[in-house]
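See structure below.
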Ligand SMILES: [Zn+2]
Ligand SMILES: [Zn+2]
């Protein structure tokens with residue numbers, strides 16, 4: 001494959017300032033593959049780190065953003081025989097450092113050397129360059145082969161699916177027959193509905209404010225939609241679970257009242273999984289947690305190789321992420337892609353950028 005010396009990439013130049021620049025094409029390290037990026041999805045994390053830098057973020061003018069992408073293997077690092085040129089792949093962001101206690105135990109998304117490049121930490125699109133570019137170099141443990149049946153747009157969302165699966169793993173994994181309430185029909189909430197159904201949960205409720213997004217949740221398998229402008233989710237869930245409450249509440253709204261609503265919906269000894277993070281400190285009545293013996297969990301990122309499990313679910317058609325893909329743009333229109341995402345123009349849910357299409 002002919003790889004150009006330079007490439008087009010979306011570079012963060014300052015707060016909320018992204019420009020397409022001509023950058024050096026990365027060369028893969030010994031354990032890397034070079035990926036020709038076919039699809040890179042806009043994520044709320046991109047929006048957040050564009051507004052205000054996250055820990056370990058590379059300096060303005062050199063940082064290529066984007067962490068949810070898929071493409072084709074275009075070059076191999078000198079030790080790599082796990083992949084071959086032309087393989088279709090999806091990525092996850094975090095490699096970690098592979099030398100701290102958390103990484104050694106498998107918890108690489110919580111690397112203790114986060115942002116420390118000298119110690120080998122890498123998280124593409126966060127602390128190292130990412131995928132809003134024609135090419136990206138990834139450590140092979142962050143790369144997953146995908147079959148021809150999975151299109152690149154859908155494959156770019158494997159990291160989202162991996163994150164939700166990591167959340168379900170963290171709460172114990174076994175949800176067969178359990179009543180699950182998902183609060184907040186954003187991308188992770190909608191995927192949580194699909195994962196709950198794929199793992200054979202009992203009834204799955206989806207709570208939100210926008211009917212159009214709730215309807216997408218229905219196509220992912222939600223049994224009961226609750227629009228809080230018309231119904232009280234606490235009352236509905238209590239009534240429709242025979243007074244018990246939810247076995248699991250997935251809080252993915254990030255709204256300030258989200259944790260309190262989750263505490264009121266969860267059953268005694270129920271579990272709450274926090275996937276959405278509020279911008280501001282929130283208050284919630286934690287005495288409910290003690291009195292009802294409720295457990296609260298949170299995850300960051302797509303840990304524990306759950307992206308590979310996500311690919312498996314997609315390949316077996318137990319879940320489809322296609323309903324989330326609402327818009328796509330070429331790289332030259334990356335700013336428009338972000339606007340479409342943040343302002344939810346045309347009912348946008350996931351907006352995909354195609355770096356190698358014009
Ligand atoms: Zn993301
Ligand atoms: Zn580490």
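The values are calculated or read from the model by the stated rules, or taken from the named source; none is laboratory data. Being a predicted model, the structure only gives us computed values, none of them experimental. Cβ placement follows ideal geometry from the backbone for every residue including glycine, while neighbour counts extend to all protein chains displayed.
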Residue satisfying all of: in region 53-111; within 16 Å of the chain's Cα centre (by Cα) and assigned to a strand (DSSP E or B); nearest to ligand 1 (Cβ to nearest atom) among these: 68
Residue count, region 29-52 (criterion: within 16 Å of ligand 1 (Cβ to nearest atom) and not in a loop (DSSP other than H, G, I, E, B)): 12
Selected residue [under 30 Å from residue 245 (Cβ atoms), out of contact with any helix residue (DSSP H, G or I) (no Cβ under 7 Å at 6 or more places or on another chain) and without any contact (Cβ under 8 Å) to a residue 60 or more places away in the chain] from 269, 289: 269
So residue 64, is it crowded, with 18+ Cβ neighbours inside 10 Å and over 19 Å from residue 153 (Cβ atoms): yes
Any hit, region 108-116, residues being farther than 30 Å from residue 269 by Cβ, away from ligand 2 (no atom under 14 Å from the Cβ) and surrounded by 23 or more Cβ atoms within 10 Å (Cβ to Cβ): no
Test for residue 188: is it at pLDDT 95 or above, outside the structural domain of residue 74 (by TED's automatic domain parsing) and away from ligand 1 (no atom under 16 Å from the Cβ): no
Members of region 259-306 that are assigned to a loop (DSSP other than H, G, I, E, B) and farther than 22 Å from residue 160 by Cβ: 280, 281, 282, 283, 284, 285, 292, 293, 294
Members of region 178-200 found to be closer than 17 Å to residue 320 by Cα, touching a helix residue (DSSP H, G or I) at 6+ places or on another chain (Cβ under 9 Å) and part of a loop (DSSP other than H, G, I, E, B), listed by number: 185, 186, 199
Selection count where residues are in a loop (DSSP other than H, G, I, E, B) and farther than 17 Å from residue 68 by Cα, scope region 307-332: 4
Residue list for region 68-101, filter: within 16 Å of ligand 2 (Cβ to nearest atom) and either more than 20 Å from residue 309 (Cβ to Cβ) or outside the structural domain of residue 32 (by TED's automatic domain parsing) (or both): 97, 98, 99, 100, 101
Set 176, 143: member being away from ligand 1 (no atom under 16 Å from the Cβ), closer than 21 Å to residue 9 by Cβ and more than 14 Å from the chain's Cα centre (by Cα): 143
Single unsatisfied condition, residue 9 versus (1) under 22 Å from residue 140 (Cα atoms); (2) over 25 Å from the mean Cα position of the chain (by Cα); (3) not in a loop (DSSP other than H, G, I, E, B): (2)
Some residue of region 14-23 being touching a residue at least 40 places away in the same chain (Cβ under 8 Å), closer than 26 Å to residue 118 by Cα and crowded, with 19+ Cβ neighbours inside 10 Å: no
Odd one out for residue 23 among (1) in a loop (DSSP other than H, G, I, E, B); (2) away from ligand 2 (no atom under 16 Å from the Cβ): (1)
Residue 126 being within 16 Å of ligand 2 (Cβ to nearest atom), in a strand (DSSP E or B) and modelled with pLDDT of 95 or more: no
Residue in region 38-52 that is surrounded by fewer than 13 Cβ atoms within 10 Å (Cβ to Cβ), under 24 Å from the mean Cα position of the chain (by Cα) and assigned by TED's automatic domain parsing to the domain that holds residue 145 present: yes
Residue within region 224-241 that is within 21 Å of the chain's Cα centre (by Cα) and surrounded by fewer than 24 Cβ atoms within 10 Å (Cβ to Cβ) present: no
Where residue 104 falls short, out of the listed (1) at pLDDT 95 or above; (2) touching a strand residue (DSSP E or B) at 6+ places or on another chain (Cβ under 9 Å); (3) within 16 Å of ligand 2 (Cβ to nearest atom): (2)
From the options 140, 146, 171, residue that is touching a helix residue (DSSP H, G or I) at 6+ places or on another chain (Cβ under 7 Å), away from ligand 2 (no atom under 16 Å from the Cβ) and farther than 20 Å from residue 65 by Cβ: 146
